[in-house]
Amino acid sequence: MSATISGFSKLSKSQKIDWIVSHYLSNSETAKQTITQYFNVDSKLQQLHDEFIENTISNYYLPLGIAPNFEINGNVYAIPMAIEESSVVAAASNAAKFWMQRGGFKAEVISTTKVGQVHFMFNGNVKDLEAYFNTIKPKLITDTKVITANMEKRGGGILDIELRNKTKDLNNYYQLHATFETLDAMGANFINSCLEQFAKTFKAEAEKYLNAPIEIVMSILSNYVPDCLVRAQVSCKVEDLTHKGISGKAFAEKFVRAVNIAEIEPYRAVTHNKGIMNGIDAVVLATGNDFRAVEAGIHAYAVKNGKYSSLTHAKIENGIFTFWMEIPLALGTVGGLTGLHPLVKVALDILGKPTAKELMQIVAVAGLAQNFAALRSLTTTGIQEGHMKMHLMNILNQFNASKEEKESIVNYFKTNTVTHSAVVSEIEKLRQ
Ligand code: MEV
């Protein structure tokens, strides 16, 4: 089944649903029912969600969970996490509890500089271009005053603009490389508006000073923010790591080895970092931030030394185990979805209305905790034990198992291996 259409965006929501259902779905009545059952009964709330994006036909739910007992710099947080993957919230909660008994997490914002670039081509004399840039630089800044006035009042704004010569990498390619302080805003709109104004001013005045034209290719912020950095850490005496019959020394040594492997082996590093992103993305999403931007920036940082590597590091020194991570995070606690999505507002309230800097610390800690929990399972029991328990519940829910059926089957799988087919066969047996 397939079809094309022009003017889809102009159809009403129910016309859009009818079109997609009749052209792409064979069981159209059931499909329509599934799509519409996710509408919110509150029509205003529904409209708000409809208008976040374009061509909306329904809502796509993700569970919002809470990982409590996170002690960060002496304050205790209950961290909201929006994620579809089972075990992630449980793992974060376990790690939080574990570290609360061992001094909690420490986090520190190292820097908060964001970046944007005007990419342009110029096939003339470099010295002329440099002289022109130095002449025009003050005007680049004054021409953005309408955009920057409010941000400057609050202490932020444009930090600097540099001319960068990239002609060694690409013929005639230069950049206006600008840095910004956007305080509690993620700053994408602010930065992009400034950049587009830089581009206009830069091009408009160029003809007076240069004998070759400037071709503006594009103006856009960078999601690579290696100078918007946060560090999260835990540490304790090695013997304090003794847990569930495993000596602290044995655990710490194996844990450090697991981190060392991710530091040198990209196949492992990607999965290791994916586990970190389980924690990071879940909090980033719950707090209405752009997880794609965060993902892109963090993975680029993971390859900053030329080879993809672990984001976390661990060591044992003088009997002290230390586990830490430094990551770039451009987050906002004002603007964007933060003021629009009612659940995002609640999530930020749960976190005590954090500043962007505080949110950077919380998100980094959630990532570190997730990695700690994953490595603890992987280097001790393996992760399948916990995962399969959750997997079992998912299968039981898929089969609409009753409370009694669940009890009986969970009990059976305490001593039997969970596989999809084994669970299905147990359900069928019970139902015969
Ligand atoms: C699963 O979502 C994440 C893990 O694979 C992470 C890891 O291997 O470190 C468990």
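Within this structure, T179 passes the test of being in contact (Cβ under 8 Å) with a residue 24 or more places away in the chain and either of a type in the set (G, A, S) or within 30 Å of R292 (Cβ to Cβ) (or both). Being more than 16 Å from the ligand (Cβ to nearest atom), within 28 Å of A78 (Cα to Cα), surrounded by fewer than 22 Cβ atoms within 10 Å (Cβ to Cβ) and without any contact (Cβ under 8 Å) to a residue 12 or more places away in the chain holds for only one residue in K345, K357, K353, and it is K345. Scanning region 90-102 for residues that are within 13 Å of the ligand (Cβ to nearest atom) and either free of Cβ contacts under 8 Å to residues at least 24 places away in the same chain or surrounded by 23 or more Cβ atoms within 10 Å (Cβ to Cβ) (or both) returns A91, A92, A95. Looking across region 404-415, just one residue is surrounded by 12 or more Cβ atoms within 10 Å (Cβ to Cβ) and assigned to a loop (DSSP other than H, G, I, E, B), and that is F413.
State whether one or more residues within region 168-185 are more than 22 Å from T113 (Cα to Cα) and acidic (D, E). Within region 168-185 (the criterion being more than 22 Å from T113 (Cα to Cα) and acidic (D, E)), the answer is yes, since at least one residue qualifies.
The condition of being within 16 Å of the ligand (Cβ to nearest atom), surrounded by 15 or more Cβ atoms within 10 Å (Cβ to Cβ), among the aliphatic types (A, V, I, L, M) and more than 18 Å from the chain's Cα centre (by Cα) holds for only one of A373, A401, A366, that being A373.
Tell me the residue from I327, I320 that is β-branched (V, I, T) and farther than 21 Å from M277 by Cβ, please.
Being β-branched (V, I, T) and farther than 21 Å from M277 by Cβ holds for just one of I327, I320, which is I320.
Pairs meeting the criteria (first residue in region 118-138 and loosely packed, with under 15 Cβ neighbours inside 10 Å, second residue among the polar types (S, T, N, Q) and at pLDDT 95 or above, beta carbons under 9 Å, at least 6 apart or on different chains) are N123/N171; N123/N172; V126/N165; V126/T167; E130/N165.
Considering D169, D143, the condition of being in contact with a helix residue (DSSP H, G or I) (Cβ under 8 Å, 6 or more places away or on another chain), of a type in the set (D, E) and farther than 16 Å from L368 by Cα is satisfied by D143 alone. Can you confirm whether G297 is modelled with pLDDT of 95 or more, closer than 24 Å to N73 by Cβ, under 18 Å from the mean Cα position of the chain (by Cα) and within 15 Å of the ligand (Cβ to nearest atom)? So G297 does not fit the description; no.
If you go through region 327-345 and keep only what is over 15 Å from E358 (Cα atoms) and either charged (D, E, K, R) or in a strand (DSSP E or B) (or both), you end up with just K345. The residues in region 358-389 that are farther than 20 Å from H299 by Cα and touching an Asp or Glu at 6+ places or on another chain (Cβ under 9 Å) can be counted, and the count is 1.
The criterion of being outside any strand (DSSP E or B) and among the basic types (K, R) does not hold for K315.
Scanning region 277-292 for residues that are in a helix (DSSP H, G or I) and either within 12 Å of the ligand (Cβ to nearest atom) or crowded, with 20+ Cβ neighbours inside 10 Å (or both) turns up M277, N278, G279, I280, D281, A282, V283, V284, L285, A286. Among what's in region 258-276 and is under 30 Å from I66 (Cα atoms) and more than 9 Å from the ligand (Cβ to nearest atom), pick the residue that is surrounded by the fewest Cβ atoms within 10 Å (Cβ to Cβ). Here the answer is V270.
Filtering region 235-257 down to residues that are modelled with pLDDT of 95 or more and among the basic types (K, R), which residue is farthest from the ligand (Cβ to nearest atom)? So the residue we want is K237.
Within region 310-327, being surrounded by 21 or more Cβ atoms within 10 Å (Cβ to Cβ) and of a type in the set (S, T, N, Q) holds for S310, T312.
The values are calculated or read from the model by the stated rules, or taken from the named source; none is laboratory data. Values in this document were obtained by computation on a predicted structure and should not be read as measured data. No Cβ is skipped: glycine too gets one built from the backbone with ideal geometry, and neighbour counts run over all protein chains shown.
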